[in-house]
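Reviewing the structure listed below.
Only the coordinates and a few stated rules stand behind these numbers; no lab work does. In this text the structure is predicted, and so the values were computed from the model without any measurement. Neighbour counts are summed over all protein chains in view; Cβ atoms, including those assigned to glycine, are modelled from backbone coordinates with ideal geometry.
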Amino acid sequence: MRDDVLRLLWMDSARGPGALAPSSLDSGGFGRFAVEPCATLEEASSILGERSFDTVLLCVGETELERLSLWPGLAQATPDAAVVVLPVVPCAANLALSLLHAGVQDVLAPRADAGDVARALRLAVERKCIERAARKAYATDLRTGLPNRQQLIEHMSQLLALRGREPAPMALLVIRVEGFATLESAFGRESANVLRRKVAVRLRAAVRASDVVAALAADSYALLLASTEEPLDAERVARKLLVALHEPFTLSGQQVAVAASAGVSRFPADGTDADVLMRQAIAASVAAQASGRGGFVNWRESVWHDTGAANDGDIGER
């Protein structure tokens, strides 16, 4: 059994004869708990706004149980904490399912003893950790450690939804990098993946913290400029990134060069849908790569812009 101490927010508005004592959880054999008690859902909401917890135990009466799925604090707690409900009356199946869909990990039977509660809390925390790891794996490109394409599309969609009324401009750049296949053929897959991670680090270092760098495929990356003040901002960033990638990388003591090209699409000028903007930027990057020189193509204008950073290194990968 793990010996770490779990941070527990214990909301108990239904205390009565024989109610559990927080100190009784430690004797259940499922680890130790650092308990912060409170007496109302409103108080719990206030605490959740200030501090984070590993798990939240909601001991509720019949009235609170009925309205629990509408409690705003549930949305505060469930993204990070494992929420367990302990009602004083049996919970109807449809209500229990509703709470699970709202992010609750478990709904216990009334009058559960300390051992049952401790067990439920510990297992809920472990399930939450597994879910978090699965979400991270789903959202991460394993070769680079960057968000993957699906994660970027979801993030873009959320931003676009928020900007429905005030369409503040943003831009999407797709950067295609040539040289990985040649390196993998000569030195193996892991060497190519090391280079992919080095490219990711260089791209990340060249942009703002608010910008998102993602991996699209084995030879392509994307950069979301969450805000642009001028129409030429995307071109300036693209030029900066291509110049940065023109500098050789050091790999096992050797200098390795890559060639890069970029395509640009803009919101709202080129579209208002994340998938459409992605397809446009990818198409523009393919056009830039086909030109055979390091530069970028703007989707709307379809004009070739030379960066002056042409790479004479090995670019056999296509």
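Overview of results
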read-out	value
Beta bridge orientation in the chain: antiparallel %, DSSP, nearest 5	55 percent
Rg followed by Dmax, in Å, when segment 5-139 is reduced to its Cα trace	13.9, 47
Furthest towards positive pole of dipole, H155, L123, A21, structure part the chain, Cβ charges	H155
Viscosity 0.692 mPa s, 37 °C: Kirkwood-radius Stokes-Einstein D of segment 164-217 over Cα pairs, µm²/s	247 µm²/s
More than 20 angstrom apart: percent of Cα pairs within segment 91-186	66 percent
Measure of compaction for segment 125-275 (Cα Rg per 2.2 N^0.38 Å)	1.13
Potential lengthening between E66 and R132 on full extension [0.36 nm per residue; Cα-Cα distance subtracted]	20.9 nm
Where GluC sites (Glu not before Pro) fall in DSSP loop in segment 165-231, at most 11 other Cβ within 10 Å	E229
